[in-house]
Amino acid sequence: MHSLRRTWFFSVLACYSLVCLAVSSGAPVANAQATGEDTTAFRPLRWTAGLGLNANMHSAGFVELPGIPNCCAEYSDGFGLGPYLYGGFDYDPQSELFGMPWRWNVTLGVSSVGATLEEDEFFAWAIDGDEAIEAISRHTLDASILLLSLEPSIALLPVGDMPEFSLQVGPTLGFALSSSADQSEDLLQPAGYDLETLRPSRNEYSGAISDATTLHVGLRLGLGYDFLQFDDFTLGAEAAYRMAFNDLVSGVEWKHSSVQTGLRLAWRPPAATEPPPPPPPPPPPPPPPPPPPPPEPPVLTLAAEMFVGTKKLSEGESIDIPVNLTRNIQSRVQRAQFYFRAGSDDLLADNAIDREEMLNALALSARHAKSIRITAQAAADEDEALARARAEFFRGELLVRGVDVKQLEVSIVRSEDKNVRHPALLEEQRMLRFDFGGTDNLLILRDTTENREFGAVELVAAPAMTVEQRPYVLVGELTLAGRQLSILKDGPVNFTLEGDALPRNGRGEALPAKITAAYTLQDGVGQQRAASSNVIATPRTTVTEYVNRLNKSTDEEWVLGYFNFDGDNFAEVNDNAVERIQRAAKAGKTITITGMADALGSEDYNRRLARRRADSALTLLGMQADEVKIELLEDGRFDNSSPYGRIRNRSVVVRIGD
C-alpha cells in the first residue's frame with residue numbers, strides 16, 4: 001500500500017515538472033528586447049524569492065524514539081509533503097568555471113520536511129470459536145519538522161546559447177525551528193476487539209521529539225530554467241534534490257531527503273545611468289578695478305625674552321634647579337619573632353608596624369634555608385588552639401609570598417609557668433618564632449630617612465618691542481606651572497626661583513614645570529600684540545647616602561647579636577656584622593662595644609649582666625678588652641614596656657669610628 005502511494009505521488013510530481021518545463025520552453029525569453037530596453041549593460045546582482053512543494057522521503061531503522069514508547073515493529077520508511085519558501089540573491093562574476101559560465105547564489109528559506117511513517121505488525125492469533133484470525137496492528141508516527149535552511153550554491157550554465165538553463169550544486173545547512181510527532185498503534189483486524197484483549201488503540205503520544213537534531217547538514221542538486229522575462233524581473237521553474245547527511249534524532253537511525261519543485265522570481269536592480277553633463281557656466285563678469293592700497297599702519301612689534309645671567313634662553317630650553325637629597329639608611333637586625341595581644345591573633349603595635357617588611361624578609365631568607373621551623377608558643381593563660389591559629393595564619397602568609405610548603409615546619413608549645421618572676425614575661429610567652437637553624441635567625445630590616453635641600457636660580461624676564469604710535473599699555477606676568485610668580489613691567493624684571501616652589505609628587509620628589517613670561521601690548525591707535533616665552537625648570541638631584549652611620553658622621557653602628565632573658569650567651573649572631581667589625585679593627589678603626597639589658601632587673605644586676613654580654617662579644621670577635629671601648633646601658637635604649645622593645649634591649653651594639 002505504501003509503495004502504491006509513493007508511486008502515485010512521483011507520477012504526479014513528474015507530470016508537474018514536465019508541464020513547468022514545457023511551459024517554460026514555449027515562453028518568450030526575449031520580452032525585454034521587445035520593450036526596446038538596452039540589455040547590454042552588465043548588472044551582476046539580482047535578488048530572488050521562491051516558493052514550491054517538498055516531497056519528503058524518510059528512511060529509518062528504529063522501533064521507538066526517546067521518551068515515546070512503542071512495541072515492537074521497526075519503522076523503515078515514510079513519506080510526506082510540505083511547502084517551502086525562500087529568499088536570496090545571485091551574483092554573476094562574468095567568468096568561467098570548468099569552461100562554462102557560472103554564477104553563485106545564496107538562499108535562506110523555511111521548509112517542512114516531515115513525513116508519516118507506518119508499519120503493520122502481526123502480533124497474535126485471535127480465536128473466534130473454531131476460527132483463528134490474524135491480529136494485525138498498524139504503528140503510525142506522523143512527524144512534523146520545520147527547518148530554517150541556508151543554502152549557498154554554484155550554478156553552471158552548460159548550454160552557451162541558453163543562459164536561462166542552469167545546473168546547481170551546493171551544501172545545505174538547516175536549523176530545526178520545531179520538531180513534534182503524533183504516534184499511535186491501531187488495530188486493523190479483527191474488528192470488534194481491543195489490544196489488551198485486542199483493544200482498538202495504544203502507545204499514543206502527541207508532543208515534541210526528544211533529542212531532535214538541531215543542526216542538519218546535507219547536499220543539494222538542482223535544475224533551473226528562466227522562462228519569462230519582464231524588464232528587470234525574471235520568472236523561472238526549479239527542481240532540486242536535497243539529501244541530509246545526519247539523523248533527525250541524535251542516536252537514532254532516521255534520515256531524510258527531499259525533492260523540491262517550484263517557481264522562482266528574480267529582480268535585477270536597474271543599471272545606474274550617467275546624469276547629463278551640466279550646461280557650461282556663463283562667462284564671468286569683468287573684475288572690478290582694484291581699490292586703492294590702504295595706508296601702512298604704524299609699526300608695532302613685541303617679543304618676550306628670558307635670561308639666566310647674561311645667557312638668553314631659547315624657547316623650551318631646560319634650566320637646572322639643584323636639589324640635594326641626603327638619604328640616611330639604617331640597617332636594623334631583628335629577631336624573627338612576632339608578639340600578640342592576650343587571647344588574640346592581633347600583633348602588638350610595635351610588631352604590627354614591621355609586619356609586612358618582616359614577612360618579605362622571611363620569604364627572601366627562605367631561599368637560603370633548607371627549612372623554616374615555625375614555633376608558636378601559647379602563654380600559660382591561653383589555649384594551644386589559639387597558638388596554632390597564629391602559626392597557620394603566618395604560614396599561609398609565607399606561602400602566598402612564594403615559600404615552598406615543603407620548607408615550612410610548624411610546632412606548637414604551651415608555657416606551663418604561670419608564676420613567672422616578672423609579670424611582663426607573660427607577654428613574651430604569646431609569641432611566634434621562626435628558626436632557620438644555627439644562631440643566625442635574624443632578619444635585616446632597613447629604615448630609610450630622606451632630607452631634600454633645594455637650591456635657586458636667578459631669572460631675568462624682559463620685553464623686546466617696537467612702538468611707533470604712543471602712548472602704549474604693556475601688561476605681563478611670570479608663571480610657574482600656571483601659578484603666578486611675579487608681575488612683569490616695561491623693562492627687565494629679576495626673579496629668584498626657589499627649588500621648593502616646584503610641584504611635587506606623592507613621594508615628595510620635585511617635578512619639572514614650565515615657566516612662562518607672557519606680555520600683552522596695545523599702542524595708541526588700538527593695535528594689539530601678544531608674546532610669550534617658555535622654559536622648563538628641571539630639578540637636578542644629587543643623592544648622598546649614609547649607610548649605618550650616625551648623624552652624618554663616619555661612624556657606623558651594628559647589632560652584633562641577641563640574648564635570651566637573663567642570658568649572657570648569644571642566642572642569635574649577626575655574622576655580617578662580625579666580619580665587618582673584625583675588618584675595621586684590623587684597619588685601625590675605633591671599636592666601641594655597648595652591652596645592654598632590659599629594665600626587668602635591678603640597676604646593679606643589669607649592669608653586671610650587660611658587662612657579661614659585652615665580654616661575650618669580645619670572645620665572639622676574638623678581641624681583648626684593652627683593644628676596645630666598652631659602654632653599659634642597664635635599661636637599654638628601647639622602650640621596655642613591650643616585648644618588642646625588651647628583646648631589642650637584650651643585645652650588644654658595636655660602633656665603628658675613625
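The values are calculated or read from the model by the stated rules, or taken from the named source; none is laboratory data. Bear in mind the structure is a predicted one, so any value in this text is a computation, not a measurement. Using ideal geometry, Cβ is built from the backbone for each residue, glycine included, and neighbour counts are taken over all protein chains shown. These accessible areas exclude ligands, DNA and RNA; they are computed on the full protein's heavy atoms, side chains included. Shrake-Rupley method; radii C 1.70, N 1.55, O 1.52, S 1.80 Å.
In region 228-322, Rg over Rh equals 1.62, where Rg is the alpha-carbon radius of gyration and Rh the Kirkwood radius from pairwise Cα distances.
Subtracting the Cα-Cα distance of Glu627 and Tyr605 from 0.36 nm times their residue separation leaves 5.4 nm of extension gain.
Which FRET efficiency, nearest 0.05, do Ala530 and Glu498 yield, Cβ-Cβ r, R0 30 Å? Calculated transfer efficiency: 0.60.
Within region 219-258, find all residues whose amide N lies under 19 Å from a label point positioned 7 Å from the Cα of Leu265 along Cα-to-beta-carbon. What the label zone holds, given the 19 Å backbone N cut-off, is 225-239.
Over all distinct Cα-Cα pairs of region 292-410, the Kirkwood formula returns a hydrodynamic radius of 20.5 Å. Rolling a 1.4 Å probe over the protein chains gives Phe638 an accessible area of about 70 Å².
Once you order the gyration tensor axes a ≥ b ≥ c over the Cα atoms, which shape class does region 393-539 get: rounded for a/c under 1.5, otherwise prolate or oblate by comparing a/b with b/c? Mind dumping the intermediate values first?
Numbers: a/c = 5.44, a/b = 4.17, b/c = 1.31.
In terms of gyration-tensor shape, prolate.
The heavy atoms of Glu498 present about 90 square angstrom of accessible area, all protein chains included, probe 1.4 Å.
Rank Ser144, Ser344 by accessible area, highest first, at a 1.4 Å probe radius?
On the way: Ser144 65, Ser344 25 Å².
Largest to smallest exposure gives the sequence Ser144, Ser344.
Counting only protein heavy atoms and a 1.4 Å probe, tell me what percentage of the chain's accessible area is made up of carbon and sulfur. Looking at the chain in its full context, I get 56 percent from C and S.
Relative contact order (percent) for the chain, with alpha-carbon contacts under 8 angstrom and 6 or more residues of separation?
Working: 1461 pairs, mean separation 69.1, N = 658.
Reported as a whole number, the value is 10 percent.
Between Glu96 and Ala208, the C-beta separation translates, for a Förster distance of 60 Å, into a calculated FRET efficiency of about 0.75.
Here the Kirkwood formula, the inverse mean of 1/r across different C-alpha pairs, assigns region 52-156 a hydrodynamic radius of 17.8 Å. Taking 37 °C and 0.692 mPa s as conditions, the chain diffuses translationally at an estimated 85 µm²/s according to Stokes-Einstein applied to its Kirkwood radius (Cα pairs).
Using a simple spin-label model with pseudo-atoms 7 Å out from Cα toward Cβ, Glu134 and Glu357 lie 10.2 nm apart. Extending 7 Å from Cα along the Cβ direction at Phe123 and again at Asp182 yields two label points whose distance is 2.0 nm.
At 1.4 Å probe size, with every protein chain present, just tell me what the per residue accessible area of the chain comes to in Å². Walk me through the numbers before you get to the answer.
Numbers: 34740 Å² over 658 residues.
With the other protein chains kept in place, the chain gives 53 Å² per residue.
Computed over region 520-657, the convex hull of the alpha-carbon atoms projects to a mean area of 15.8 nm².
Quick check: with the 1.4 Å probe, what order do Ser318, Ser184, Ser111 take by accessible area, largest first? Write down the numbers at each step before the final one.
Details: Ser318 55, Ser184 25, Ser111 5 Å².
From most exposed to least exposed: Ser318, Ser184, Ser111.
With only Cα atoms counted, region 109-177 has Rg and Dmax values of 24.3, 77 Å.
So if R0 is 41 Å, what FRET efficiency would Leu511 and Phe393 give, r being the distance between their Cβ atoms, rounded to the nearest 0.05?
Values: r = 41 Å, r/R0 = 1.01.
Here the calculated transfer efficiency is 0.50.
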